[in-house]
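Worksheet: one structure, shown below.
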Amino acid sequence: MKGGLQGFVDRLEQQGELARISVPVSLELEIAEIADRIAKRGDGKALLFENTGTRFPLLINMFGSSRRMAMALGVDELDAIPAGIEKLFATLAAPRPSFGSKLAALPTLLRLSRIVPRRKTGHGTCQQMVLRGDDARLSLLPALKCWPHDGGRFITLPLVHTLDPDTGSTNVGMYRMQIFDDHTAGLHWHIHKTGERHYQAWKRRWEEASGERGQSAGSASESVRQGRSDRRPAPATTRMPVSVALGGDPVYTYAATAPMPDGMDEYLLAGYLRGRAVRLVKCLTNDIRVPEDCDIVIEGYVDTAEPKRTEGPFGDHTGFYSLEDPYPVMHVTAITHRRGAIYPATIVGVPPMEDLYMARATEKIFLAPIRLALQPEVRGLWMPAPGVAHNLAVVSIERTYSGQAFKTAGALWGAGQMMFNKIMIVTYGPADDVDALAAGLRAAQLPDGAATARGTLDVLDHATATPCQGGKLVLDLTARRPPRPLRLPATARPTHGIKTVDVSLAEKWGVMILFAQPGTMVDVEAFIAANAIEGINFFVVVDTAARGLDHSELLWFALGNCEVGRDVKFVGGYLIADARTKLPGTAGAPARWPNVVTSLPETIALVDRRWAEYGLGEVGKMPASPSLRYHPLVRSEKAEI
């Protein structure tokens, strides 16, 4: 079987899951617009662009369906993975009082021993072609500029390998990389990520070794206070080694995104998922090891004594631009690749996109560890696409006592990447049962069935005025009460700043959507009284420009723009959320507010004209650009409003 991404491409093609585009297509905006149209369909194929103007073809949307996500992880259905994990946990945790029961566990232990990453001597297939020094140019790669206000071209599926200088352990993370020039790129690792922790550790080691932090900084007592081991001498260098792998078995890419516990090897998960150990080979210009069968490797270092450099903007998975901020700079020392290498890429933006299917795999794979090690009452986890992973989570539990939902939320908010969750709904039915969820919201008892807290938010949450911190909300829908009687006027009368009203969600969901101009005063309580409304639990105010969006899109827009501590209040038996765009300078709002991510009209027109050339279907059945729906939300001709 062929290695690298080529083997996966062959399988996709055999299963009718691949489309080849042989005509030249621009890396700036055009490929992204094509991929956005295909990704939004949900049943679109993976796309292989064979003529990128570089030596490498480009594969995009390879995870963009439930079927392809399962294929990438080597199973027919994703449900097969959590069942196997539960069985594994049960076998390992079972008591073994007799010699026979211990023998019975041996096959499982032997299988586990076969998935531990292996070190390969010599060179790997990822090093068949070697470029060093000036020849190792990032411009050789078909990196994309996805959206018009992006700061440049970005590597969007990099497996970034870093080392902990204290323990020598390796982390593999998915951090986008902005190409600055032929030999440098920005590494977008957030403050909460392991890559940033490693960066700070390397920086601290050098400062302590060189005495730059003062005599006490390098003392033994300081090391004890910081909880560090001094068994390994501090590297006397400012250079932190970094290696970036691209491609290879698609399970590597998934493992780099998975919420693994800190210090646990991502390639152990990859080995478990694919049923055999990952073989690692040493890089040529640093001591980091990468999968020997990946397609492309970028080797280099970060100089921790060098100032960070402005990175961004970037059209992000939130559907909004993440704005400029300083991040470390990677210096390239070598680029190696296999013969016939394929460059992997993805595009993110307004959901749903390809990353949705990776998130669904995570929901299933990590449910078993959550249940068995953290919250045994949890029965299901669902992160709906409009919540972009961290804005909304629905958790189903087996309720045995009052208040259990709040206990569950508190525990989950302290668990790994769940700490970034903004709104959690705890229910009694299956987590992804939409009808049960609707019934629960319609019958919600407010404010008793809700609680707010303050905690950690994702760096990309643009609604909070305090970066990485803000309000959280949990709704307890486990109590199965009947809904309150619903009373609505035949026609709701716009008043008190409310321009128009959508009542289509009222009867089933207990939600009313109110449209108002950003920055204007609204009095929702007066509006409710003027219209004699009863039985509605949730009043959500959004921009008048959002009136053309469907309900899923409105949920995405509202979740992104709402900061619980500032924008949510309970009045009597209902909740009011001001989920409008917050104009910079408004009291309590952040100083910067990003635009929604959309394609330019000229890019849309270009793809419309060329559709027949791509060979992706009849022009009469050409999918319209998703950006056309979001253009009314754009408030300026740049990334920031």
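First measure r as the distance between the Cβ atoms of ALA530 and THR121, then evaluate 1/(1 + (r/R0)^6) with R0 = 60 Å and state the FRET efficiency to the nearest 0.05. Step by step, r from the Cβ atoms, then E = 0.15. A Förster radius of 30 Å combined with the Cβ-Cβ distance from GLU618 to ARG67 puts the calculated FRET efficiency at roughly 0.80.
Rounded to the nearest 10 degrees, the angle from helix 551-561 to the longest Cα principal axis of the chain is 70 degrees. With a simple spin-label model that places each label point 7 Å from the Cα along the Cα-to-Cβ direction, the separation between GLU640 and LEU606 comes to 2.7 nm.
Quick one: net charge of ALA405's neighbours, Cβ under 14 Å, K/R +1, D/E -1?
Details: positive: ARG379, ARG399, LYS407, LYS472, ARG480, ARG481; negative: GLU377, GLU398, ASP448, ASP476.
Once all neighbours under 14 Å are counted, the net charge is +2.
Contact order, relative form, for region 355-477: 22 percent (alpha carbon pairs under 8 Å, 6 or more residues apart, mean separation divided by residue count).
With +1 assigned to the C-beta of every Lys and Arg and -1 to the C-beta of every Asp and Glu, and no other charges, what is the dipole magnitude of region 398-492 about the Cα centre in debye, to the nearest 20? Provide the component values of the computation, followed by the final result.
On the way: 10 positive and 8 negative charges, 78 e Å.
The dipole magnitude comes to about 380 debye.
Here the contact order of the chain, divided by its residue count and restricted to Cα pairs under 8 Å and six or more residues apart, works out to 14 percent. Charged side chains reduced to their Cβ positions (Lys and Arg at +1, Asp and Glu at -1) give region 484-599 a dipole of some 100 debye around its Cα centre.
For GLY510, the shell of other residues with beta-carbons less than 13 Å away shows a net charge of +3, using +1 for Lys and Arg and -1 for Asp and Glu.
Take every DSSP beta bridge whose two residues both sit in region 389-506; close to 40 percent of them are antiparallel. Selection among HIS161, TYR199, ILE81 by position relative to the dipole of the chain gives ILE81 as farthest towards the positive end (Cβ unit charges, Cα centre).
Multiplying the residue separation of ALA209 and THR452 by 0.36 nm and subtracting their alpha-carbon distance yields 83.0 nm. In degrees, nearest 10, range 0 to 90: what is the angle between the Cα axis of helix 30-41 and the longest Cα principal axis of the chain? Taking the Cα atoms of the chain, the angle to 30-41 is about 60 degrees.
Using R0 = 56 Å, the C-beta based FRET efficiency linking LYS569 and VAL130 works out to 0.35.
Ordered by the count of other Cβ atoms within 10 Å of each Cβ, fewest first, GLU324, GLU266, GLU207, GLU637 give GLU637, GLU324, GLU207, GLU266.
Run the dipole for the chain about the Cα centre, Lys and Arg Cβ at +1, Asp and Glu Cβ at -1, nothing else charged, and hand back the magnitude in debye, nearest 20. It would help to have the intermediate numbers written out before the result.
Working: 72 positive and 70 negative charges, 302 e Å.
About 1440 debye.
Sum up the charges of everything whose Cβ sits under 13 Å from the Cβ of CYS283, counting Lys and Arg as +1 and Asp and Glu as -1, but leave CYS283 out. Combined, the nearby Lys, Arg, Asp and Glu give +2. Restricting attention to the chain, close to 70% of DSSP beta bridges with both partner residues there are antiparallel. Inter-label distance, ARG339 to ALA490: 8.0 nm, where each label sits 7 Å from its Cα along the C-beta direction.
Axis of helix 80-93 versus longest Cα principal axis of the chain: the two differ by about 70°, to the nearest ten degrees. Placing a label point 7 Å from the Cα of CYS468 along the Cα-to-Cβ direction, the residues of region 375-414 whose backbone N falls under 17 Å of that point are 414.
Read-outs: derived from the displayed coordinates by stated rules, not from any lab. Everything numeric in this text was worked out from a predicted model, so none of it was measured. Heads up, the Cβs are rebuilt from the backbone with ideal geometry, glycines too, and the neighbour counts pull from every protein chain shown.
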